[in-house]
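Trainee: Starting off with a structure, shown below.
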Amino acid sequence: MAAALQQIFPIRELSAYQRNWTIRARVTLKSPIRTFKQGEGKVFHVELLDAEGGEIRASFFNQAVDLHHDKLETGKIFSFSRGTVKVANRQYNNCNHRYEITFDKDAQVLPAAEGSDIESVKFTFVDIKSMQTRQVPCRVDICGVVTAFRAPVQLQSKDGKELLKREITLVDDTATAMDVALWQKFASTEDSKFEGNPVVALKGVLVREWNGGRGGSLSDTGALVFGPNSPEASRVQQWWAQGGSVQNVTQISVSGGSGVAGALMAQAKSVNLGEMRNVAAAISDSRAEVYTCTSRLEAVQIRKKDQVQPLWYNACAEQRDGTNGRPLTCNKRVDESGFCPACGRQTKTQTKLLARCRFVDYQDSAWLTTFHEAAAVVLGVTGDEVKALDTEEGVEGQLRKRYFRQPLQLTVKARQGEYQGELRTEITCVGAKPVSHAEHGRKLLSEVLEMLAV
């Protein structure tokens with residue numbers, strides 16, 4: 001109680017020379033507990049914001065973790081005292097404060113009265129264009145318009161933890177766009193929230209090099225706010241409404257999706273379905289050709305020769321060494337008992353999608369085998385969700401909701417292969433994302449201008 005009666009000290013005035021301070025602040029971010037020294041030590045950190053707008057990072061170690069981790073809820077206000085103030089380590093600290101706080105077993109943390117005098121979250125925005133020249137990896141706050149979003153996909157971490165991921169594309173008033181991967185609770189946000197090009201603010205986006213471009217990642221320790229009330233959000237909204245939606249945009253993220261599709265996008269040729277069929281038929285060697293095309297889902301094959309055609313299979317989820325020492329998931333099909341022929345034993349498994357989809361555009365249609373990540377976007381469901389629909393009627397009813405619903409940009413790979421002793425061209429869909437109407441409109445407009453100039 002004594003600590004609660006002390007005079008409240010402003011966060012912005014904290015330094016290593018201050019003693020016996022007490023701050024009153026809202027917890028705006030809270031990290032999971034991390035262990036170190038082979039499990040002997042543990043730590044978690046929070047970001048604290050006070051009524052004067054001061055923001056600082058605080059780390060709790062060992063016994064302080066046991067005492068305070070559960071009570072410190074994001075969004076709640078507490079008083080903090082008996083901590084040590086030291087110069088911030090910029091390698092891990094994204095707050096603007098020169099200093100940071102460490103707490104041990106002597107820390108005093110008490111609930112404080114709630115009040116609107118402290119904001120729920122504070123953003124320090126940077127524009128997306130500056131991401132091209134910043135030293136990465138770095139953490140930033142960004143504000144932009146959602147121009148595209150993908151369906152959530154389920155992944156598995158190296159330690160077997162189930163993860164949920166969704167990718168969105170953001171553009172701001174510098175006419176620069178970047179893809180950001182949303183994880184866990186943010187990935188599960190309803191599709192309707194992303195529809196209609198909303199303005200969003202993201203706090204704590206980790207920006208890295210990816211496939212020769214730059215992309216962002218927002219973990220569930222960050223913040224995602226729709227329709228933020230800030231000058232930056234108003235400026236971006238005004239830019240979008242007054243011509244930004246049809247302006248040429250520079251995309252700094254190479255990937256148009258994740259995995260294989262992201263790596264192939266840079267070399268893809270843009271074609272329609274009729275052109276794709278013709279150029280694929282002309283392939284004369286085993287080298288793969290990659291295309292992108294815009295089309296809609298017309299049908300999904302759920303029966304073949306009066307037999308139900310499963311849209312999922314169980315795949316091995318074990319990690320193995322890949323190129324450059326990076327771990328890769330096995331992904332080989334396992335039998336009903338979970339035995340993986342590649343690993344030679346029963347393994348952990350995950351449900352993968354594999355669908356035969358018919359796509360259609362203004363000129364032609366085509367049946368394409370559509371692999372897991374692309375299938376999740378096209379079908380709008382995860383492997384586990386399809387697996388749970390154990391009746392043909394249930395599966396068909398769910399899929400019909402996706403037919404002709406929205407245009408998709410497909411990443412298609414074609415190569416020559418051998419089937420029953422004959423050479424034939426194999427065409428598969430390895431990536432998909434909803435079409436950005438603004439980007440697609442600009443592309444069509446440029447094609448019209450080229451035709452008029454001839």
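No value in this document is a laboratory result; all are computed from the given coordinates. If you're wondering where the values come from, they're calculated on a predicted model, not measured in any experiment. Glycine gets a Cβ as well: all are built from the backbone with ideal geometry, and neighbour counts include every protein chain shown.
Trainee: Calculate the spin-label point distance for ALA241 paired with GLN398, positioning each point 7 Å from the Cα along the beta-carbon direction, and give it in nanometres.
Mentor: So the two model labels end up 4.0 nm from each other.
Trainee: While we're here: In terms of modelled amide H atoms, which long-range or inter-chain residues lie less than 5 Å from the amide H of ALA355?
Mentor: HN-HN under 5 Å from ALA355: THR370.
Trainee: Just want the answer: with Cβ charges of +1 for Lys and Arg and -1 for Asp and Glu, which residue in GLN238, LEU72, ILE142 is farthest toward the dipole's positive end in the chain?
Mentor: So the residue furthest toward the plus end is LEU72.
Trainee: Over the Cα atoms of the chain, what radius of gyration and what Dmax do you get, in Å?
Mentor: Using the Cα atoms of the chain, the pair Rg, Dmax is 25.6, 85 Å.
Trainee: Then there's this: Between the helical axis of 231-241 and the dominant principal axis of the chain, each derived from Cα atoms, what acute angle in degrees is found, rounded to the nearest 10?
Mentor: 20
Trainee: Separate question: Cβ neighbours within 10 Å, averaged per peptide: list 124-130, 32-38, 240-246, 177-183 in order, most packed at the top. Spell out each step's value before the answer.
Mentor: Working: 124-130: 17.4, 32-38: 9.7, 240-246: 14.6, 177-183: 23.9.
Going by the mean number of other Cβ atoms within 10 Å, highest first, we get 177-183, 124-130, 240-246, 32-38.
Trainee: About the Cα centre of the stretch 172-253, what is the dipole size in debye to 20, counting +1 per Lys and Arg Cβ and -1 per Asp and Glu Cβ, all else neutral?
Mentor: On the way: 6 positive and 9 negative charges, 34 e Å.
Dipole magnitude for the stretch 172-253 comes out near 160 debye.
Trainee: Debye sum, Cα scatterers, the stretch 338-408, no solvent: what log₁₀ I/I(0) at q = 0.14, 0.20, 0.23, 0.27 1/Å?
Mentor: For the stretch 338-408 at q = 0.14, 0.20, 0.23, 0.27 Å⁻¹, log10 I(q)/I(0) is -0.55, -0.91, -1.09, -1.30.
Trainee: Which net charge results for the neighbourhood of LYS413, defined as the other residues with beta-carbon distances under 10 angstrom from its beta-carbon, given Lys and Arg at +1 and Asp and Glu at -1? Let's see the in-between values first.
Mentor: Numbers: positive: ARG415; negative: GLU289, GLU426.
Charge balance in the 10 Å sphere: -1.
Trainee: If packing is taken as the average count of other Cβ atoms within 10 Å, what order do 11-20, 344-353 fall into, highest mean first? Before the final figure, lay out the partial values.
Mentor: Details: 11-20: 12.8, 344-353: 16.9.
Ranking the peptides 11-20, 344-353 by packing returns 344-353, 11-20.
Trainee: Still on this structure, I have one more. Would you be so kind as to identify which of ALA366, ASN331, THR84 lies farthest towards the positive end of the dipole of the chain, taking Lys and Arg as +1 and Asp and Glu as -1 on Cβ and the Cα centre as origin?
Mentor: THR84
Trainee: Report the gain in length on full extension from GLN406 to ASN272: 0.36 nm times residue separation, minus Cα-Cα distance, nm rounded to one decimal. Present the calculation step by step, with values, prior to reporting the outcome.
Mentor: Numbers: separation 134, 0.36 × 134 = 48.24 nm, distance 1.63 nm.
Roughly 46.6 nm would be gained on extension.
Trainee: About its Cα centre, how strong a charge dipole does the chain have in debye, to the nearest 20, once Lys and Arg get +1 and Asp and Glu get -1 at the Cβ?
Mentor: About 780 debye.
Trainee: Same structure again: Among residues other than ASP173 whose Cβ falls under 11 Å from its Cβ, what is the net charge (Lys/Arg +1, Asp/Glu -1)?
Mentor: Details: positive: LYS129, ARG235; negative: ASP127, ASP172, GLU232.
Surrounding charge for ASP173 is -1.
Trainee: Just from its helices, what would the mean residue ellipticity at 222 nm be for the chain, if runs of 4 or more DSSP H residues each count -39500 (n - 2.57) and the sum is divided by every residue, rounded to the nearest 500 deg cm²/dmol?
Mentor: Numbers: 10 runs with 80 residues, N = 454.
Computed ellipticity for the chain at 222 nm equals -4500 deg cm²/dmol.
Trainee: Can you give me the Rg/Rh ratio for the stretch 163-247, using Cα atoms for both radii and the Kirkwood formula for Rh? Each step should come with its number before you reach the end.
Mentor: Details: Rg = 13.1 Å, Rh = 13.6 Å.
My calculation puts Rg/Rh at 0.96.
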